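Inspection log for the structure reproduced underneath, given as structure tokens.
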């Protein structure tokens, strides 16, 4: 079981005592990002209470996460496609000459 360590953070003028199963500095950094975002949201709206700022911050972060997940999926698909292309090129390059069809000469190296 990973070791845990207590860490205190302040988010939107509220102090929280948390148990971190990872580097406490990372938890502090994440808490600072949440605090910054909530403060920014509160500064742009009149009478924004902590709950509303927290919900809007969560929605903002969920949107960012969804965008990053979509970009990650797109990149994975591109990598898989390129891997298939390279595999075909490699198979063609290492295939014996007598196995290649007459109309397909040995592939030239691509960069």
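Coordinate-derived values only; no laboratory data. On a predicted model such as this, the values are computed, not experimentally measured, just so you know. So basically every Cβ, Gly included, is an ideal-geometry build from the backbone, and we count neighbours across all protein chains shown.
Assorted remarks:
- Residue selected from segment 11-29 under the condition assigned to a helix (DSSP H, G or I) and in contact (Cβ under 8 Å) with a residue 12 or more places away in the chain, by the criterion nearest to residue 42 (Cα to Cα): 28
- Residues being under 20 Å from the mean Cα position of the chain (by Cα) and surrounded by 14 or more Cβ atoms within 10 Å (Cβ to Cβ) - total across segment 31-72: 5
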